[in-house]
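First comes the structure, then the notes that go with it.
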Amino acid sequence: MGLVVLLTFTGRVLQAVELDRENLPPAQELLDRVAATLPAVPLRVQGQLQSKTRSGDVEKILNTEMFLDWHAEPSMARYTLRDAFGASLESLTVLWHPGNEAEYLYFSGDPLKGRPLPNLYERIQESDISWIDLSLSYLWWPYGRTIGVEEVKGRECYIVDIPSPTPDTNTYAGVRIWIDPQVSMLLQAVAYNLQNQELKKLEVKSFKKINKVWMIRDVEVQNLLTGHKTMLRVRQVEEKERKAPDEDEPAEEIAPVESLSPAP
């Protein structure tokens, strides 16, 4: 899927809805709703990864480029990291075959060349984000369970616990995610190890309005063991073969996650 997910609402404020805590919906139903929000057209997304110290100072910036085509056969997503001068560093292509079977293709260097697949759970370019985090691959893992309801950023969310299909000491044992069912959006995720120790936390910080549709703009990933953080910020999204927007186009609208809450 990846960190770019379009929303289906067009206003800034949604009325809060109290969720049923007794009759929890199946996890797969919630995950299918999230997948249903994926855009029908190919997208090219440009952004930045900002690696920060515990005090919040930016220590490294990487440019990111994502090409997402969820309605291709098979569905595909390609993620490329570049340095400040535009030279390619690493790239991962994910192909989702029928039955949610993932195929990963890895490239590195400038120009990019095919390489053996690395550990997808390891840090990318000394950031706090791994390829699994960037691609949100855990949204396709089977056997998830809806385990409760909890408020995140003023929004009631269902909590879904998704076990890793290959848990060991070099991967996640599972990922716990918080889904806002009103907009079918992932708002938070926490990865944990075999000892149930929380390793990493992903938080959606703000949304961006593009062509009257809201999408994730800022995502923060924190290493819970060290306190180190990395911010992914989306700067530009365009449909495949779409011309760049005119310079006199109205400025983008930005909404923090809190803006989804009821107005005071």
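I'd like to verify a number: residues in the range 122-143 that are within 19 Å of Gly227 (Cβ to Cβ) and either crowded, with 19+ Cβ neighbours inside 10 Å or in contact with a Gly (Cβ under 6 Å, 6 or more places away or on another chain) (or both), how many? Residues in the range 122-143 being within 19 Å of Gly227 (Cβ to Cβ) and either crowded, with 19+ Cβ neighbours inside 10 Å or in contact with a Gly (Cβ under 6 Å, 6 or more places away or on another chain) (or both): 6 in total.
Pick from Glu65, Glu59: which is part of a strand (DSSP E or B), of a type outside the set (A, V, I, L, M) and modelled with pLDDT of 90 or more?
On the way: Glu59 fails: modelled with pLDDT of 90 or more.
After ruling out the rest, the residue left standing is Glu65.
For the range 152-187, enumerate the residues that are crowded, with 18+ Cβ neighbours inside 10 Å and charged (D, E, K, R). Scanning the range 152-187 gives Lys153, Arg155, Arg176, Asp180.
Condition test on Ser127, is it of a type in the set (Ser, Thr, Tyr), assigned to a strand (DSSP E or B), touching a Ser or Thr at 6+ places or on another chain (Cβ under 9 Å) and closer than 21 Å to Ala189 by Cα? Answer is no for this residue.
Could we say that Arg115 is basic (Lys, Arg) and over 20 Å from the mean Cα position of the chain (by Cα) here? Here the answer is yes, as Arg115 does meet what is asked. In the range 23-45, which residue that is in a loop (DSSP other than H, G, I, E, B) and over 16 Å from the mean Cα position of the chain (by Cα) is surrounded by the fewest Cβ atoms within 10 Å (Cβ to Cβ)? Going through the qualifying residues, I end up with Asn23. Filtering the range 83-104 to residues that are more than 15 Å from Leu68 (Cα to Cα), outside any loop (DSSP other than H, G, I, E, B) and either among the aromatic types (Phe, Trp, Tyr) or at pLDDT 95 or above (or both) leaves Ser88, Leu89, Glu90.
The values are calculated or read from the model by the stated rules, or taken from the named source; none is laboratory data. The structure presented is a predicted model; accordingly, all values stated were derived computationally and were not measured. Note that each Cβ is placed from the backbone with ideal geometry, even for glycine, and that neighbours are counted across all protein chains shown.
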